[in-house]
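Below is one structure, written out as structure tokens; comments come after it.
Rule-based calculations on the coordinates, nothing more; no lab input. Keep in mind that what you see is a predicted model, and the values were worked out from it rather than measured. Cβ coordinates were reconstructed from backbone atoms using ideal geometry, including for glycine residues, and neighbour counts include every protein chain displayed.
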Amino acid sequence: MQHADQVAYIERMLGMARANARDAGELSYCSVEEYFDDRRFAREQEILFRKYPIVVGFSAQLRKPGDFLTNNDTGQAILVTRGLDGKLRAFLNVCRHRSATVELAPCGSNRRAFVCPYHGWTFDLTGRLVGITDGAWFGDVDKPTHGLKPLAVAERCGLVFVVPAVLEPGQNADLDLDGFLGPVKDDLKSWDMQTWEVQSTTPLRPRMNWKLVIDTFLELYHFRYLHPSTVFPLFLDNIATYERMDRHIRISAAKRTLTELEGRPKEDWRILDHAIVLYSLFPNTVLAYTQDHCGVFTSFPIAPEESVLHFSVLVSPEEKAKKPESYWHANVDLFADALVEDLGIGETIQRNCHSGANSLQTFGKFEKALGWYHQEI
């Protein structure tokens, strides 16, 4: 985030704090059926989780040749690996013999090839089929056309994106991430996490629609009531700025220390010292930048009323070295405790969508990010 933007956001939040005002837009709505309709769910999987770049991992997991990770959360079995040439590649993690999963481990290193555990067919790090067990007797197989099916992949600022749709022969596997990220790309570059380490990652399985999980991150209105002893004591009550950035959203939430900046030189203002900055990356990822680490939340659909939320914490090596392990555990625990509160109330919302009490969810003027998100969906 550029310093001029940081100053502008801080000034806006200080003004709101002085006047007890809110960053308001217009009332907006979405149908409760968006959270459970089977046909809509199928269309979301078909479009959002096949045609859009999805965050499936981190550069920290793929630093060296032979490093790899797998991901099944989009409904596609995905394998991403760093080749001996240093190039990042992604494939369907599906053997071209009988469709078995080739790599079963969630991540690893030092691989020179991937061997299918069913019959031992072997694929190199570029996805080529290089070995068929009992090949002389198997039959005539054209190896060049039986490599792993490639997917478009790219990494940016420590995040690894994949489009989970098979590429046609000759189709470029490179992603136009700058075009996809649009006005967010410069912000992510300024917070660059390319060298950051994964402190922890935790999967959660809430009985909630995947979009309802994202909803919990797009407003601070609930902090006073839902998080009275976890995160609310750290923040000013519902003082935040919201900005729509094409299909993405940027939010800054003011901490109670923000008012300490009154009268101090603006050139010394640093937003992460007195606020957190969140980005909702369409369609299913939220980044929460704090003073010394970043929480990454990715929500994936399992069923119309069930999802998996991956909660990861990334830390720069410099910050990691400054503080004891107990400090990082405490920060992860704070995030986790607030998530338990969010998901607990979210599961009641999911159930109550069927009650008939509401046909629409109502988003207040200062909950405008929720309206933007559902409009974009």
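Overview of results
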quantity	calculated
The stretch 94-142, Cα convex hull volume normalised per residue, Å³	80 Å³
Mean separation of Cα contacts under 8 Å (6+ apart) over length of the chain, as relative contact order %	22 percent
Per residue convex hull volume, Cα atoms of the stretch 4-60, in Å³	205 Å³
Rel. contact order, % - alpha carbon contacts under 8 angstrom, at least six apart, the stretch 183-263	23 percent
Fully extended contour minus Cα-Cα distance, from Tyr225 to Arg40, at 0.36 nm per residue	63.4 nm
Calculated P(r) tail over 18 Å for the stretch 195-322, as whole % of Cα pairs	61 percent
With Cα atoms, 0 to 90° folded angle of helix 3-19 axis to the chain main axis	40 degrees
Cysteines without a disulfide-compatible neighbour (Cβ-Cβ under 4.7 Å), the chain	Cys30, Cys107, Cys157, Cys294, Cys353
Student exercise, the chain dipole from Lys, Arg, Asp, Glu Cβ charges, in Debye to nearest 20	480 debye
The stretch 179-229: equivalent-ellipsoid semi-axes (sqrt of 5 x gyration tensor eigenvalues, Cα, Å)	27, 17, 15
For the stretch 1-138, average projected area of the Cα convex hull in nm²	14.3 nm²
Extreme residue, positive dipole direction of the stretch 125-218, given options Leu148, Ile132, Thr216 (C-beta unit charges)	Thr216
Shape box of the stretch 98-195 [Cα atoms, principal axes, largest first, Å]	56, 29, 18
At R0 = 22 Å, FRET efficiency that the Cβ-Cβ distance of Ile377 and His354 yields, to 0.05	0.60
Rounded to whole Å, sorted largest first: equivalent-ellipsoid semi-axes of the stretch 42-96, Cα gyration tensor	23, 12, 9
Directionally averaged projected area (convex hull, Cα atoms, the stretch 252-377), nm²	10.6 nm²
Percent RCO, i.e. relative contact order, over the stretch 260-377, from Cα pairs under 8 Å lying at least 6 residues apart	12 percent
Percent breakdown of C-alpha pair distances by 5 Å bin, ordered from the shortest bin, for the stretch 210-270	4, 15, 20, 21, 18, 13, 7, 2, 1
The chain, Cα convex hull volume normalised per residue, Å³	149 Å³
Relative compactness, the stretch 311-377, computed as alpha-carbon Rg over 2.2 N^0.38 Å	1.66
Under the Karplus curve 6.51 cos²θ - 1.76 cosθ + 1.60, θ = phi - 60°, whole-Hz ³J(HN,Hα) for the stretch 302-317, x wherever Gly or Pro sits	10, 8, x, 10, 8, 8, 10, 10, 9, 10, 10, 10, 10, 9, 6, x
Residues in the stretch 341-377 that a label on Glu26 would reach, taking backbone N under 20 Å of a point 7 Å out along Cα→Cβ	360-377
Additional length obtainable on full extension of the chain from Ser326 to Glu168, 0.36 nm per residue less Cα span	52.0 nm
Quotient of Cα Rg and 2.2 N^0.38 Å for the stretch 135-176, N being how many residues it contains	1.64
